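Working notes, beginning with the structure itself.
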Protein chains: 2
Amino acid sequence: MSTMSETTSTRAARLSDVARLAGVSAATASRALNGSDRGVREANRAKVLEAAKTLGYTTNVAAQAVARGRNRGVTLVVKGIPEDYANPIISGVVTAAQRRGLPVTITSAGTDPADLVEAVHNARSHRPEILMITGGRATDDATIPELVDALQRYEAEGGRVVLITQPGLPFDTVAYENRKGGYDMAKTLAGLGYRNFAVISGMKHGLTQRDRTAGFIEGLAESGIQLPADRVLIGEFTRDAAYAMTGDLLRRGIPVEAIFAVNDAMALGVLTFLRDAGRSIAVAGFDDIQALRDVTPSLSTVHLPWDQVADEALTMAMGPRGDEPRTIMIEGHVVVRESTPSVVP
Amino acid sequence: MSTMSETTSTRAARLSDVARLAGVSAATASRALNGSDRGVREANRAKVLEAAKTLGYTTNVAAQAVARGRNRGVTLVVKGIPEDYANPIISGVVTAAQRRGLPVTITSAGTDPADLVEAVHNARSHRPEILMITGGRATDDATIPELVDALQRYEAEGGRVVLITQPGLPFDTVAYENRKGGYDMAKTLAGLGYRNFAVISGMKHGLTQRDRTAGFIEGLAESGIQLPADRVLIGEFTRDAAYAMTGDLLRRGIPVEAIFAVNDAMALGVLTFLRDAGRSIAVAGFDDIQALRDVTPSLSTVHLPWDQVADEALTMAMGPRGDEPRTIMIEGHVVVRESTPSVVP
DNA sequence: TTGAAAGCGCTAACAG
DNA sequence: CTGTTAGCGCTTTCAA
């Protein structure tokens, strides 16, 4: 009668189906397919593998996770994927995990602090072995206690937590020498002959930008240059905000020779504004993200070894847990490119 | 004796713990916490919610998935995350799913066709409601049958599959009018006054680039311009390959006025090479990815509405399945920017 | 509206 | 090396 439309909702093949077809017990099939054990006779293993293939069997990871109590692999929580399309940490972690044969699951949290907490709750509900969190943190973040609580509970339950970028929380952390990077950049720019600076920075309470800015100011001071407070502009941590801030800055008519943006995305905004405005001012950034390598002029910045960051994080997560939370600091180094030509005679 | 180190490996709170604390049955707790039902007295619901909070309870999604037979949300399989850091589809899907309150899981497949198959197997093992796959496909891809098989099984088991970008497979698909885009671009460039062209294209059997190239050639032909076969260069589908290919092209000494790269990433490679070589030739791309908006000269390209693409895909996936696989074609439109100035007198 | 009980598909002792 | 037997934590009939 009815046209043979595919209403036939097959049941997915289960382990027991495979076992039956192979003529072994479910336990043996399990061992052959997913067990870390070696204990399966070769003949049986082959039979099971073949049965699985003809049945199109796929492990039900959910069931596996329930039985084992944990999900294999790492869950990476990233703040604001939609905005930050070129997040270098994502590809770093994916690559590093792939190399170790670990499945990675990426989940995106909104940019709001509360979103992060929610995303962590979600991630936790998947019971992954490793939970990695990346994205800046602010000192005035009211959700921190809640976040820490959720994470601590998670660790108490046997999960491993590694934070990237957010030092100061009681968990294993990989962070960068933001202050030193800013400091080095200041020295470098001073060495290049610049004297009049401005800093384009992000949210007032953001840890990352605060340290980078502080380091920069310190470096200038050591070079005998005082940075007036009104030369530090603060706004959103984005390219667009930086674009706008640069406009504000120039409109004030201050004779700036070089602008330090606390990250590359913002530096890009600065660069673009200057180009649009037909102004020629030196610009430096921080991060050295891949996505910017074709920008003109090429951007002077503080290079951060992203793959290494990801790798250290994973190594930490896979090793035994220490008595105390550890923090690995990654150093960057200044790379001078075209955006900051020497002005020394 | 022993320092009170945190060896206490707590068990994660379970539903039954919550139920006990709230003084109700597990069934009721379940209904209050995750059930779509309404049938729980308000007083009880409140008690359960509070108990869950004090216990720091998080649903065990794995167990939930086992019990329900499916995992809520969409799993997005992306080809080659590490390389393609600026994949516009990722952010589109994340955004669209977020808007609908659907959890998204992103998994990365290598660039090799076999990797895709493996990634699909993996994704399938999570039993998500919706499986979305994105990434180009080649006509000579030997793994297609296997891929189709895995996907069909998945659908037979009740899952929903949506392909983005890979028309011609028996699944619901969202694709772009690649041919038309290439065609329009050719007409546009011809209208701008260009006469001598070259095309920088990707893998020989790649569907996407093939269509874009074919459309472009057709558009030129209609404008009375024949494109000699040796003006179509073929290589990897990447910025770096395009960079190298442009070098090859110019070394041949052919008088090219405009280069059409089949995607923006490649166009970027072309642009950069030309800049490095100090040559001034018009360049056009395809995709209009966000990441390139600050490039100089700004890139003329075929704009594709990525968010709409993602949205259509999700709408398709959430609606009822049709008798036949449907394909939604998304049209792009040419955007002329600085990289292709008019040469008409 | 609520609870008891029977699974969901898999793994992990424990014998054999 | 292999099978048997319990669960893992949650949902979902089915009765009450």
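Distance distribution P(r), segment B:178-305, all Cα-Cα pairs, bin width 10 angstrom from 0: 14, 51, 33, 2 percent. What's the center-to-center distance, using Cα atoms, between segment B:110-169 and segment A:192-210 in Å? What the calculation gives is 47 Å, centre to centre. Here, chain B has an Rg and a Dmax of 25.9, 91 Å when only alpha carbons are counted. What the Cβ-Cβ distance of B:Ala67 and B:Asp248 gives, at R0 = 60 Å and to the nearest 0.05, is a FRET efficiency of 0.55. Both chains summed, the buried accessible area for A and B stands near 4300 Å², from protein heavy atoms and a 1.4 Å probe. Across segment B:153-168, computed HN-Hα scalar couplings (Karplus, 6.51 cos²θ - 1.76 cosθ + 1.60, θ = phi - 60°) run 4, 4, 5, 4, 7, x, x, 10, 10, 10, 9, 10, 5, 10, x, x Hz from first to last residue, x flagging Gly and Pro. Springs between Cα atoms under 10 Å define the GNM used for chain A, and in it the highest mean-square fluctuation of A:Gly253, A:Gly332, A:Gly92 occurs at A:Gly253.
Looking at segment B:266-299, the trypsin sites (Lys or Arg not before Pro) that sit in a DSSP loop and have at most 13 other Cβ atoms within 10 Å of their own Cβ are B:Arg279, B:Arg293.
Less than 5 angstrom separates the built amide H of A:Ser298 from those of A:Glu338, A:Ser339, all sequence-distant by 5 or more or on a different chain. Comment: the Cα-to-Cβ extended label point of B:Arg41, at 7 Å, lies 6.1 nm from its counterparts in the other copies, nearest first.
Students sometimes get this wrong: rank B:Lys204, A:Lys47 by accessible area, probe 1.4 Å, all chains present, largest first.
Heavy-atom accessible area, descending, gives B:Lys204, A:Lys47.
Taking amide H as placed 1.01 Å from N in the peptide plane, B:Gly206 has its amide H under 5 Å from the amide H of B:Thr139, each at least 5 places away in sequence or on another chain. Each copy carries a label point for A:Pro228 at 7 Å from Cα toward Cβ; from one copy, the others' points are 6.3 nm away, ordered from shortest.
With kT/(6 pi eta Rh) evaluated at 20 °C and eta = 1.002 mPa s, and Rh the Kirkwood radius from Cα pairs, segment B:269-336 diffuses with a coefficient of 147 µm²/s according to Stokes-Einstein. Between B:Lys204 and B:Arg337, take the C-beta separation as r, use R0 = 30 Å, and let me know the FRET efficiency to the nearest 0.05. FRET efficiency, B:Lys204 to B:Arg337: 0.55. Comparing the full protein assembly with the isolated chain, the residues of segment B:122-167 losing at least 10 square angstrom of accessible surface (1.4 Å probe) are B:Arg124, B:Ser125, B:His126, B:Arg127, B:Arg153, B:Ala156, B:Glu157.
Modelled label positions at A:Ser25 and A:Glu257, each set 7 Å beyond Cα in the direction of Cβ, lie 8.1 nm from each other.
With N set to the residue count of segment B:4-58, report its C-alpha Rg divided by 2.2 N^0.38 Å to two decimal places.
On the way: Rg = 12.7 Å, N = 55, 2.2 N^0.38 = 10.1 Å.
So segment B:4-58 has a normalised radius of gyration of 1.26.
Computed from backbone phi with θ = phi - 60° and the Karplus coefficients 6.51, -1.76 and 1.60, the 3J(HN,Hα) list for segment A:21-32 is 4, 8, x, 9, 7, 4, 4, 5, 4, 4, 5, 5 Hz; x is used for glycine and proline. Dividing the radius of gyration of the alpha carbons in segment B:22-173 by their Kirkwood radius gives 1.09 for Rg/Rh. The calculated FRET efficiency for A:Ser223 paired with A:Arg100, based on their beta-carbon distance and R0 = 41 Å, is about 0.40. When the other protein chains are added to the chain by itself, burial of at least 50 square angstrom of heavy-atom accessible area (probe 1.4 Å, ligands and nucleic acids ignored) affects these residues of segment A:10-37: A:Ala12. Fully extending the segment from B:Glu324 to B:Ser16, taken as 0.36 nm per residue of separation minus the present Cα-Cα distance, adds 106.4 nm.
If you count only protein heavy atoms with a 1.4 Å probe, what accessible area per residue comes out for the protein assembly as shown, rounded to a whole Å²?
Numbers: 30410 Å² over 690 residues.
Dividing the accessible area of the protein assembly as shown by its residue count gives 44 Å².
Restricting the GluC sites (Glu not before Pro) of segment B:276-345 to loop positions (DSSP other than H, G, I, E, B) with no more than 16 neighbouring Cβ atoms within 10 Å leaves B:Glu331, B:Glu338. Taking the alpha-carbon distance from A:Lys53 and a cut-off under 20 Å, which aspartates and glutamates remain once sequence neighbours fewer than 8 residues away in the same chain are dropped? Output for A:Lys53: A:Asp17, A:Glu42, B:Asp115, B:Glu118, B:Glu146, B:Asp149, B:Glu155, B:Glu157.
Could you work out which residue, out of A:Gly35, A:Gly235, A:Gly219, moves most in a Gaussian network model of chain A, that is, has the largest mean-square fluctuation with Cα springs under 10 Å? For chain A, modelled as a Gaussian network with Cα springs under 10 Å, the answer is A:Gly35. Shown for A:Glu257: label points 7 Å from Cα along the beta-carbon vector, and their distances to the equivalent points in the other copies, 4.6 nm in ascending order. Look at the dipole of the protein assembly as shown built from charges on Cβ: of A:Leu249, B:His205, B:Leu227, the Cα furthest out on the positive end belongs to B:His205.
About the centre of its Cα atoms, segment A:4-58 shows a dipole size close to 180 debye [charges on the beta carbon of Lys, Arg (+1) and Asp, Glu (-1) only; nearest 20 debye].
Which pairs break 27 Å Cα to Cα here: A:Lys79/A:Lys204; A:Lys79/A:Lys180; B:Lys79/B:Lys187? Kindly include the intermediate steps, with their values, before the conclusion.
Values: A:Lys79/A:Lys204 18 Å; A:Lys79/A:Lys180 25 Å; B:Lys79/B:Lys187 32 Å.
Going by Cα-Cα distance, B:Lys79/B:Lys187 fall outside the 27 Å limit.
In chain B, the portion of solvent-accessible area held by carbon and sulfur atoms comes to 52 percent [1.4 Å probe, whole percent, DNA, RNA and ligands not counted]. Largest GNM mean-square fluctuation across A:Ala123, A:Ala96, A:Ala277, computed for chain A with C-alpha springs under 10 Å, falls on A:Ala277.
Comparing B:Leu314, B:Gln98, B:Gly135 along the charge dipole axis of chain B, the residue lying farthest to the positive side is B:Gln98, per the Cβ-charge model. Dipole magnitude for the protein assembly as shown: about 1700 debye, using +1 per Lys or Arg Cβ and -1 per Asp or Glu Cβ, origin at the Cα centre. For segment A:178-305, a simple Cβ point-charge model (Lys and Arg +1, Asp and Glu -1, everything else neutral) yields a dipole of about 200 debye relative to the Cα centre. Within the protein assembly as shown, the percentage of alpha carbon pairs spaced more than 34 angstrom apart rounds to 53%.
The values are calculated or read from the model by the stated rules, or taken from the named source; none is laboratory data. Quick caveat: nothing in here was measured; it's all calculated off a predicted structure. Cβ atoms come from the backbone with ideal geometry, glycine included; neighbour counts cover every protein chain shown. Only protein heavy atoms, including side chains, enter the accessible area calculation; ligands, DNA and RNA are left aside. Shrake-Rupley method; radii C 1.70, N 1.55, O 1.52, S 1.80 Å.
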